[in-house]
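The values are calculated or read from the model by the stated rules, or taken from the named source; none is laboratory data. Source: prediction; values computed, not measured. Cβ: placed from backbone, ideal geometry, glycine included. Neighbour counts: every protein chain shown. The area values use the complete protein model at the heavy-atom level, side chains included, leaving out ligands, DNA and RNA. Shrake-Rupley method; radii C 1.70, N 1.55, O 1.52, S 1.80 Å.
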Amino acid sequence: MSKPKEIRVGLIGHQFMGKTHSNAFRNAGLWLELPCKVVMRAVCAKDTEANLKKFADNFGWESVETDWHKIVSRDDIDLIDVATPGFLHKDMVIEAAKHGKHVLCEKPLANTLAESEAMLDAVNKAGVRHCCGFSYRSTPSQALAKKFVDEGKLGKIFHVHARYAQDWIVDPDFAMVWRLDKKLAGSGALGDIAAHSIDATRFITGMEFTRVVGNMKTIITERINPENPTGPKAKVTVDDVTNFLSEFDNGATGCYEATRFATGRKNANHIEINGEKGSLMWDFEEHNFLYFFDRTRPVNEQGFTKIIVTENTHPFAGGPWPPGHGIGYGDSFIVEVANFVTAIVENKEFHPDFVDGVKCQQVLEAVEQSANSRQWVEISK
Ligand code: SOE
């Protein structure tokens, strides 16, 4: 079968992730050598046509749709990108797959494990390619961490310690938003940011979670209702902070925290992996670097090396700029979409896909079950 000369994209969602993904598709071809042209065919969102047209002009989308059922069925689109709140993921992805579209869906894949399994089933039945937006895998530094583990530089892994800390809702006057409503978001810090720590663990180490015990807490239980600011407050129905312990299929253990109340921490996504031969520390606040401790070096030379991950021999060529210039948050999405489009055109294996999305959902659900039962919960293979 001949390779497609272009991949025509339809985006659903035009808020934070819609903007991030628009930038990614627009720059994918500038940033990395692509085997085809990326055509930004249409953007769809719940907004007026006028506002959508303004967004489309600003980000380079050729046309707009106000009804998502239309964009997923257009025959001039090959790939649907779902960048919407979690409660919309399942229906949009399944419908897009039914129309034979490849699908990129933001993380977490769904609001429940069952929904995510239905989505995986739909893309498999349709025979389309799929990506789950665990974007941090596409930072050169996290990819280098995986390479080091794959090369055996850590040896047997003892344990993982991960903390994803933000503080954007510490203010009690911060009004209710969809991310704080379980019906819309599925969960709070757990699904939104612990999902990244769960995926990073699987990606870097190759280990699989076998059991967890967790604790979830809502610190501020009600917030101003933006629809009726002087009326009764809206109930917060998700976790503000989640802590959990884990065990893995190779006997290693893990300790995780995801919080939106870490006053002063803006997007502090951190993971440290300790092994018999060495350790790795990856921190998004310094994500142009990777910290590596090599216990095989002479004792007098041992210490955490701060590797600048911007050489063209590093994963993803260390970024598009000369060594030492560095990259930012949006760049990981550029790499993610460029690699996904390339995998589609060249029929190559691709991760993170919906299997990774479902594996993450299994852990999210087990943590929630454990927080309710106050017991350890097993995770099936
Ligand atoms: C909010 O917590 C958020 O935007 C997450 O949803 C993203 O996945 C993360 O990359 C940055 O923070």
*asked:* Given the options Tyr136, Tyr164, name the one that is within 16 Å of the ligand (Cβ to nearest atom) and within 19 Å of Ala343 (Cβ to Cβ).
replied: Tyr136
*asked:* It is to be established whether one or more residues within region 340-350 are closer than 16 Å to Phe203 by Cα, out of contact with any Phe, Trp or Tyr (no Cβ under 8 Å at 6 or more places or on another chain) and without any contact (Cβ under 8 Å) to a residue 60 or more places away in the chain.
replied: yes
*Is there a residue in region 196-213 that is within 17 Å of Asn111 (Cβ to Cβ), part of a loop (DSSP other than H, G, I, E, B), assigned by TED's automatic domain parsing to the domain that holds Asn269 and within 13 Å of the ligand (Cβ to nearest atom)?*
no
*Failed condition for Asn250, given (1) surrounded by 14 or more Cβ atoms within 10 Å (Cβ to Cβ); (2) in contact with a helix residue (DSSP H, G or I) (Cβ under 9 Å, 6 or more places away or on another chain)*: (1)
*Please determine, by comparing only the residues of region 266-275 that are within 13 Å of the ligand (Cβ to nearest atom) and open to solvent by less than 20 Å² (accessible area, probe 1.4 Å), which one is farthest from Phe158 (Cα to Cα).*
Ala268
*asked:* So in region 217-247, with the set limited to residues that are in a strand (DSSP E or B) and within 16 Å of the ligand (Cβ to nearest atom), which one is most open to solvent (accessible area, probe 1.4 Å)?
replied: Val241
*With Gly326, Gly278 as the choices, which residue is in contact with an Asp or Glu (Cβ under 6 Å, 6 or more places away or on another chain) and away from the ligand (no atom under 16 Å from the Cβ)?*
Gly278
*Residue ID - most open to solvent (accessible area, probe 1.4 Å), chosen from residues in region 198-216 that are hydrophobic (A, V, I, L, M, F, W, C) and closer than 20 Å to Asn274 by Cα*: Phe203
*Using beta carbons and a limit of 9 Å, which pairs, at least six apart or on different chains, have the first residue in region 158-186 and assigned to a helix (DSSP H, G or I) and the second one open to solvent by 80 Å² or more (accessible area, probe 1.4 Å) and of a type outside the set (Lys, Arg)?*
Trp178/Phe87; Lys183/Phe87; Leu184/Phe87; Leu184/Trp178; Ala185/Phe87; Ala185/Trp178
